[in-house]
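Data block below; observations after.
The values are calculated or read from the model by the stated rules, or taken from the named source; none is laboratory data. Keep in mind it's a predicted model, so treat the numbers as computed, not measured. Cβ atoms come from the backbone with ideal geometry, glycine included; neighbour counts cover every protein chain shown. Calculation scope for accessible area: heavy atoms of the full protein, side chains included, ligands and nucleic acids excluded. Shrake-Rupley method; radii C 1.70, N 1.55, O 1.52, S 1.80 Å.
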Amino acid sequence: IVRLNAGVNITNNGSVIIDGTVEQPVVFMPNSTNQPWGGFFMRTSGGLVQGSGVIFTGSSADPNGGAGHRSEQCLFLCDSTPTVNLTDSAAIFFRGQLAHAYNGGTFKFTRFLLQRCITGGEYTGANFTANDCAFIEFPDDTVNYVDGDNDALYFVSGSHAFTNTLFG
């Protein structure tokens, strides 16, 4: 378990490799459940987050630290074509966006769950692949629909592929 203090961001200009398993996941979570941590800032083409068996929860501390069509902070704020590659992983219960890609990037999700965040984020010029994934409950699971750019995913150019993936 990786506990992060309120508002803490991780600047990643290199590689972060997270090796958990389904049975024993690595969990990134706030030190206090009512004080969210920030997210990952990746602003170089060499930026990589590669995870297997990882759960991200309680991120997006800054309600005005987002990018793109939403103001809420992203779990992964990406510029200059970094890579996010998550397998057998989840991002659940956070106050912002999964990611925002300004200038491309590669996002590959395999057996990944995104649940209960504001939006999956905006991807401009990015390569996005989802295999055996679920993107559900945006921003929540109530029956009240609000047209507030809380899309599961928002794409602006790039290459996108989905196989056996649920949106709900």
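Some values worked out for this structure:
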{"read-out": "Local electrostatic count, residue 22, Cβ distance below 11 Å [Lys/Arg +1, Asp/Glu -1]", "value": "-1"}
{"read-out": "Accessible area in square angstrom per residue, the stretch 62-113, 1.4 angstrom probe", "value": "34 Å²"}
{"read-out": "Stretchable slack from residue 16 to residue 92, in nm (0.36 nm times residue separation minus alpha-carbon distance)", "value": "25.4 nm"}
{"read-out": "Principal axis dimensions, the stretch 46-168 - Cα atoms, whole angstrom, descending", "value": "38, 29, 26"}
{"read-out": "Net charge, residue 67 excluded, C-beta distance under 10 Å - Lys, Arg +1, Asp, Glu -1", "value": "-2"}
{"read-out": "Built amide H within the under 5 Å cut-off of residue 43, gap 5+", "value": "12, 79"}
{"read-out": "Two-decimal Rg/Rh across the stretch 1-70, once Rg and the Kirkwood Rh are taken from alpha-carbon atoms", "value": "0.99"}
{"read-out": "Cα gyration tensor, the stretch 87-133 - rounded (a/c under 1.5), prolate or oblate", "value": "oblate"}
{"read-out": "Under-5 Å amide H pairs with residue 73, H placed in peptide plane, nonlocal only", "value": "62, 64, 65, 66, 97"}
{"read-out": "Accessible carbon and sulfur surface of the stretch 3-141 relative to its total accessible area, %, 1.4 Å", "value": "46 percent"}
{"read-out": "Mean separation of Cα contacts under 8 Å, 6 or more apart, over the residue count of the stretch 1-136: relative contact order %", "value": "20 percent"}
{"read-out": "Residue order for 17, 118 - accessible surface, 1.4 angstrom probe, largest first", "value": "17, 118"}
{"read-out": "Environment charge of residue 112, counting only residues whose C-beta is closer than 10 Å and scoring Lys/Arg +1, Asp/Glu -1", "value": "0"}
{"read-out": "Whole-number D in µm² s⁻¹ for the stretch 2-41, Kirkwood Cα-pair radius fed into Stokes-Einstein, 37 °C, 0.692 mPa s", "value": "292 µm²/s"}
{"read-out": "Distant-in-sequence amide H partners of residue 2 (H built 1.01 Å from N, under 5 Å)", "value": "27, 28, 29"}
